[in-house]
Amino acid sequence: MAIGFAEASKVPDGIDSGIPSGKMYHIACKSWCTSTGELRPLSFKFEGDDGSMILVHNLLVQYCEDKNYSGILSKEFGCEAVVAGLLRNFKIIFYCEACKWVMLI
């Protein structure tokens with residue numbers, strides 16, 4: 001019995017990562033692609049709640065996971081860095097199709 005395209009390309013249950021949670025900031029991220037095609041964030045800038053531009057560098061990437069947020073392919077990086085003078089744990093997410101970065105705190 002042949003399986004149609006719609007059935008063959010159906011996303012299995014449980015693969016959806018849901019909706020990202022936390023306060024979202026849109027960021028301008030400087031990243032590097034390795035020779036093996038891995039994406040590595042190096043530093044980023046974002047607008048703080050008071051309107052000031054904040055630069056975050058010396059990121060410690062603790063993990064990287066491929067995610068599927070509501071059908072949108074993305075890469076999630078769990079990071080640690082000094083943000084506005086405080087050591088913070090946060091996530092940055094790269095939305096592959098839109099080529100867009102966000103930070104979640």
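Readers should treat all values here as calculations from the given coordinates under stated rules, not as data from a laboratory. Worth saying up front: this structure is predicted, and the values here are computed from it rather than measured. Glycine also receives a Cβ, built like all others from the backbone with ideal geometry; neighbour counts cover every protein chain displayed.
Set against the 2.2 N^0.38 Å expectation for a compact globular protein, the stretch 21-104 has a Cα radius of gyration ratio of 1.06. Listed from fewest to most Cβ neighbours within 10 Å, the set 99, 29 follows the order 99, 29. Label positions at residue 95 and residue 34, each projected 7 Å from the Cα along the C-beta direction, are separated by 2.7 nm.
Below 14 angstrom from the Cβ of residue 80, what's the summed charge of the other residues (Lys, Arg +1; Asp, Glu -1)? It would help to have the intermediate numbers written out before the result.
Working: positive: 88, 91; negative: none.
Charge balance in the 14 Å sphere: +2.
Under 22 Å between alpha carbons, and skipping anything fewer than 8 positions from residue 30 in its own chain: which lysines qualify? Straight-distance partners of residue 30: 45, 67, 75, 91, 100.
Charges at C-beta only: +1 for Lys and Arg, -1 for Asp and Glu. How large is the resulting dipole of the stretch 21-104 about its Cα centre, in Debye rounded to 20?
80 debye
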